[in-house]
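Reviewing the structure listed below.
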Amino acid sequence: MSQPEAIFKIIEENNCPLYEMGDEFRLTGKAMMLGDGREKKFISTAVIKIPSEKPICRILVADITAVLIEYGSMRSVPKYVTNCSGCTGLIKIEYSKGRKPAKALPPPARETQDIGFATKLLNKFPIFQTLDESDIKKLVPLLKMKKFARGAVIMKKGDPATNLYIVISGRAEVMVDEAVIGVMERGEVFGEISLLIGTPVGATIRVEDMVTVLFIYGKDFKKVLNMFPSLQMFFARLLAQRLAKTNVERLEEFASGMVGRLSENPPSELMQTLNLNHKTGVLTLTLPRGTADLFFREGALISAKYNNKDGKEAFFEVLKEKEGRFKFSPGLSPQETKAPELGDFMWLLMEGVRRMDEDG
């Protein structure tokens, strides 16, 4: 008679280096005890199935095998929840009373089922509503899921950008210097500003009620933008909205002319501020390769000159600079105000950052 199959499922995960929420481990077998009165020995026939394409954690294998040794057979194990022994991270696993191994669905049917489910799920969120089923099929392998307990910090202000997050359930606080300035709930996206413009994380995201997120690794985020032009537009609009909301104090500083150092105010942040505040004037930068002049009309970039280059190419070159001084002078001549825009500012900014990434 075949042995029942016990299923151990991860229901909580905290910095586990190998596994994620929802991963399942399947156990079959028996553990018989032999003894002659002086010593006891165990003979185990345990077979443990690890999730496909996942490495083996011997600590967790030992924890699962210990259950079999304790009860002798999975038929007699009650339902329970326990933690793994832990290494650099910790997971909580739940055991459900076993069942006999079932035949797996043929790969094509399983794939169709997974894609259909993913399409229904993702289409509920604004970020994915422009994608069709074929797009979802390409995107699903790049998405990961993770849960964060109450009080956990998902992102910390000042840290380098790592992932793009989409909240699918729960509630998290947006904090700057211990002050709560906003809330993230179902369908909302965060982490995109740092990934798009290459700046450190601007706010701490702390869990208020247990949060489940989908996330895309930073290294895959640029691939996603290149794959789906509609998402580029979504993030360009989101970037503009987010920066307008979080940079109010900086915008006020530009009510008149301003000077400073690029080490304190990088070119990307300076020009975002001018764009979001609809400023008109000339941003002059003294840089290692000479002087750069960028002309803005009501926040739109209409002209740029630097290092013997004009227009978009000059703008992209300025974005690369990290040292120097700047000065903003309000106002343009009547002739300058008639010049056409070089292009959508947020698109120019994203394209400039993409080129910087390619250049290393």
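Is it fair to say Leu121 is in a helix (DSSP H, G or I), surrounded by 14 or more Cβ atoms within 10 Å (Cβ to Cβ) and modelled with pLDDT of 80 or more? I'd like the intermediate steps shown before the answer.
Details: in a helix (DSSP H, G or I): yes; surrounded by 14 or more Cβ atoms within 10 Å (Cβ to Cβ): yes; modelled with pLDDT of 80 or more: no.
Against the criterion (in a helix (DSSP H, G or I), surrounded by 14 or more Cβ atoms within 10 Å (Cβ to Cβ) and modelled with pLDDT of 80 or more), Leu121 does not qualify.
Out of curiosity, is Ser169 part of a strand (DSSP E or B) and surrounded by fewer than 15 Cβ atoms within 10 Å (Cβ to Cβ)? Explain how you work it out, then say what you get.
Numbers: part of a strand (DSSP E or B): yes; surrounded by fewer than 15 Cβ atoms within 10 Å (Cβ to Cβ): yes.
Yes, satisfied.
Out of Val353, Val318, report the one residue that is within 26 Å of Ile193 (Cβ to Cβ), in a helix (DSSP H, G or I), out of contact with any strand residue (DSSP E or B) (no Cβ under 6 Å at 6 or more places or on another chain) and touching a residue at least 24 places away in the same chain (Cβ under 8 Å).
Numbers: Val318 fails: out of contact with any strand residue (DSSP E or B) (no Cβ under 6 Å at 6 or more places or on another chain).
Going through Val353, Val318 in turn, just one is within 26 Å of Ile193 (Cβ to Cβ), in a helix (DSSP H, G or I), out of contact with any strand residue (DSSP E or B) (no Cβ under 6 Å at 6 or more places or on another chain) and touching a residue at least 24 places away in the same chain (Cβ under 8 Å): Val353.
From (1) in a strand (DSSP E or B); (2) surrounded by fewer than 20 Cβ atoms within 10 Å (Cβ to Cβ), pick out the condition that doesn't hold for Phe296.
If we test Phe296 against (1) in a strand (DSSP E or B); (2) surrounded by fewer than 20 Cβ atoms within 10 Å (Cβ to Cβ), just (2) comes out false.
Please list, ordered by first then second residue, the pairs with beta carbon atoms under 6 Å, 6 or more apart or interchain, first in the stretch 135-157 and farther than 16 Å from Glu20 by Cα, second among the charged types (D, E, K, R) and in a loop (DSSP other than H, G, I, E, B).
Sorted first by the residue in the stretch 135-157, then by its partner, the list stays empty.
Examine the stretch 173-189 for a residue that is under 30 Å from Lys322 (Cβ atoms) and under 14 Å from the mean Cα position of the chain (by Cα), and state whether such a residue exists.
Yes, there is a match, as at least one residue in the stretch 173-189 is under 30 Å from Lys322 (Cβ atoms) and under 14 Å from the mean Cα position of the chain (by Cα).
So is Lys157 assigned to a helix (DSSP H, G or I) and surrounded by fewer than 16 Cβ atoms within 10 Å (Cβ to Cβ) or not? First the steps, then the outcome.
Details: assigned to a helix (DSSP H, G or I): no; surrounded by fewer than 16 Cβ atoms within 10 Å (Cβ to Cβ): yes.
Taking the combined requirement at face value, the residue does not satisfy it.
The values are calculated or read from the model by the stated rules, or taken from the named source; none is laboratory data. Keep in mind the model is a prediction, meaning the values are calculated, not measured. Cβ: placed from backbone, ideal geometry, glycine included. Neighbour counts: every protein chain shown.
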